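FYI, it's all coordinate maths here, none of it is from the lab. Fair warning: this is a prediction, and the values are worked out from it, not measured in the lab. With ideal geometry, Cβ positions are generated from the backbone for all residues, glycine too; neighbour counts draw on all protein chains shown.
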Amino acid sequence: MTLELNVTANYLLADGDGEDFPRSGLTTSIVLTSSANAVVAKRGSEAYDVSKAALSHLVRELAISLAPKVRVNGISPRP
């Protein structure tokens with residue numbers, strides 16, 4: 001469930017938008033929200049931490065595959 005929400009849902013959103021915007025001639029940005037937990041492990045939050053690490057890598061992959069019409073960035077807020 002955690003991977004579906006944090007990774008798969010963001011991928012499907014970005015993939016759909018990534019196809020639609022270039023066809024319309026628009027240049028756009030997609031910003032996905034990761035977490036500081038993607039790089040700093042914490043006890044008891046393995047599923048969340050791994051899903052956010054996967055999301056951070058997904059941001060890099062999408063940035064390459066959707067360029068140059070779609071800019072993809074990730075933010076990692078800290079509490």
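Among the trypsin sites (Lys or Arg not before Pro) within segment 1-75, those in coil by DSSP and having at most 16 neighbouring Cβ atoms inside 10 Å are LYS42, ARG43, LYS69. Subtracting the Cα-Cα distance of THR2 and ASN73 from their residue separation scaled by 0.36 nm leaves 23.5 nm. Between VAL31 and SER56, the simple spin-label model (points 7 angstrom out along Cα→Cβ) gives 1.9 nm. Taking each DSSP H run with n ≥ 4 as -39500 (n - 2.57) and averaging over every residue of the chain yields -15500 deg cm²/dmol at 222 nm.
With Rg and the Kirkwood Rh both taken from Cα atoms, where does Rg over Rh land for the chain?
Numbers: Rg = 13.4 Å, Rh = 13.0 Å.
In the chain, Rg relative to Rh is 1.03.
With respect to the chain, whose longest principal axis is taken over its alpha-carbon atoms, helix 46-66 is tilted by about 20°.
Angle between the Cα long axis of helix 9-23 and the longest principal axis of the chain, 0 to 90 degrees, nearest 10? Helix 9-23 sits at roughly 10 degrees to that axis.
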